[in-house]
C-alpha cells in the first residue's frame, strides 16, 4: 500500500453495518486513514430448524438424480459444510459435491469449494438472481430436479419459478438466517449521526442491513431524517445486489467495486472515490 493509499481516507468517518467481516473491513479502512463507526445491524445464525437442514443433506447424499446444485452464497455453503460435519457426513458431503455440477451466484462460494479441493463449474457473471438465471439459460439438464441453497431464509420465488418453468423441481435448503445484532438504541444513534451529517460514508454489504436500518427509523418516526442523512453522505454498496436494493428504495449509490465484490475491493473503491464524492 502506497503512502497515498494510506492517506486516502484520512479523517473520514465511515459507518459500517457489517457483522461477519466487520473487523476485516474496519481494518482495511483504518489502514487508509479512516475513522470507523461500527454498528453491526444483523447477525448471521444457523437456521433454527436444523432437522430440515439434516433432511436436505440426507436427500442430497442419497438422491442420485440430483445432478446439479445452485449455490447462492458462500455463507450458505459454509453452514452446510458445518452441518455435515456435525452429522458426521463431511467426507460424504464433499465427495457428493464433487459429483454434481456446481452453479454459483458469483465467485464467493468458489473459495469455500477450494477448501474442499473443488471448484465451481458455472459462475454467474453478475452475482444476482437474474445473473444465475442467465447462466442457467445456457445449460441443459438431464433430470427433473435440482438442488438449491437459498439466500438466508428468503424463498427466492423468482429463481424457483424460473426453474419450474424449465421443468425442474427445486430441492431447497436454507442453512442460515439473519437476526438483529445491535440494539435499537445503537441503530437510532447511527441514524442521528447520519441526520446530523457527521458521517462521510456508509458501506452496505447486505440487503438485510438496509432493511433493519429503515425498520428502526420507521418505528421511531425518523425515516425522513435517515433519508436526509444518506443523501448527505457517500453511500457505498459491496456489489450489484445491494446497489439494486438501494436504488429500488429510492437511494443513491455513489461507490461500488467494478468487478470483484468483496471487502478489499470495497475498501479500495471507497479510498478511490470518497474524496471525489465528498469534495
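Figures for the structure shown
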item	result
Residue match in segment 213-235 (condition: under 30 Å from residue 54 (Cα atoms) and out of contact with any strand residue (DSSP E or B) (no Cβ under 7 Å at 6 or more places or on another chain))	no
Residue within segment 58-68 that is touching a helix residue (DSSP H, G or I) at 6+ places or on another chain (Cβ under 9 Å) and loosely packed, with under 14 Cβ neighbours inside 10 Å present	no
Test: residue in segment 44-55 that is closer than 30 Å to residue 194 by Cα and in contact with a helix residue (DSSP H, G or I) (Cβ under 7 Å, 6 or more places away or on another chain)	yes
Residue satisfying condition, being under 28 Å from residue 136 (Cβ atoms), in the same structural domain as residue 129 (by TED's automatic domain parsing) and more than 22 Å from the chain's Cα centre (by Cα), within set 79, 86, 105, 96	96
Test: residue in segment 226-239 that is touching a residue at least 12 places away in the same chain (Cβ under 8 Å), closer than 21 Å to residue 154 by Cα and in contact with a helix residue (DSSP H, G or I) (Cβ under 8 Å, 6 or more places away or on another chain)	yes
The listed residue being within 23 Å of residue 266 (Cα to Cα), surrounded by 14 or more Cβ atoms within 10 Å (Cβ to Cβ) and touching a residue at least 12 places away in the same chain (Cβ under 8 Å), out of 83, 87, 34, 47	34
Residue in segment 206-222 that is assigned to a loop (DSSP other than H, G, I, E, B), in the same structural domain as residue 21 (by TED's automatic domain parsing), touching a residue at least 40 places away in the same chain (Cβ under 8 Å) and in contact with a helix residue (DSSP H, G or I) (Cβ under 7 Å, 6 or more places away or on another chain) present	yes
Segment 243-272 residues that are in the same structural domain as residue 108 (by TED's automatic domain parsing) and without any contact (Cβ under 8 Å) to a residue 60 or more places away in the chain, paired with ones that are surrounded by 19 or more Cβ atoms within 10 Å (Cβ to Cβ) and assigned to a loop (DSSP other than H, G, I, E, B) (beta carbon under 6 Å, 6 or more apart)	none
Criterion (in contact with a helix residue (DSSP H, G or I) (Cβ under 8 Å, 6 or more places away or on another chain), part of a helix (DSSP H, G or I) and either within 21 Å of residue 244 (Cα to Cα) or not assigned by TED's automatic domain parsing to the domain that holds residue 72 (or both)) met by exactly one of 126, 112, 132	132
Check on residue 119, crowded, with 19+ Cβ neighbours inside 10 Å and within 25 Å of residue 78 (Cβ to Cβ)	no
Counted residues, segment 1-21 - those being closer than 19 Å to residue 189 by Cα and either at pLDDT 90 or above or crowded, with 22+ Cβ neighbours inside 10 Å (or both)	7
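Let's see how each residue does on (1) outside the structural domain of residue 93 (by TED's automatic domain parsing); (2) assigned to a helix (DSSP H, G or I); (3) touching a strand residue (DSSP E or B) at 6+ places or on another chain (Cβ under 8 Å); (4) farther than 30 Å from residue 87 by Cβ:
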{"residue": "11", "(1), (2), (3), (4)": "yes, no, yes, yes"}
{"residue": "15", "(1), (2), (3), (4)": "yes, no, yes, yes"}
{"residue": "19", "(1), (2), (3), (4)": "yes, no, yes, no"}
{"residue": "27", "(1), (2), (3), (4)": "yes, yes, no, yes"}
{"residue": "33", "(1), (2), (3), (4)": "yes, no, no, yes"}
{"residue": "52", "(1), (2), (3), (4)": "no, yes, yes, no"}
{"residue": "56", "(1), (2), (3), (4)": "no, yes, yes, no"}
{"residue": "59", "(1), (2), (3), (4)": "no, yes, yes, no"}
{"residue": "70", "(1), (2), (3), (4)": "no, no, yes, no"}
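The values are calculated or read from the model by the stated rules, or taken from the named source; none is laboratory data. Please read these numbers as outputs of a predicted model, since none were measured by experiment. All Cβ positions, even for glycine, are placed from backbone atoms using ideal geometry, and neighbour counts span all protein chains on display.
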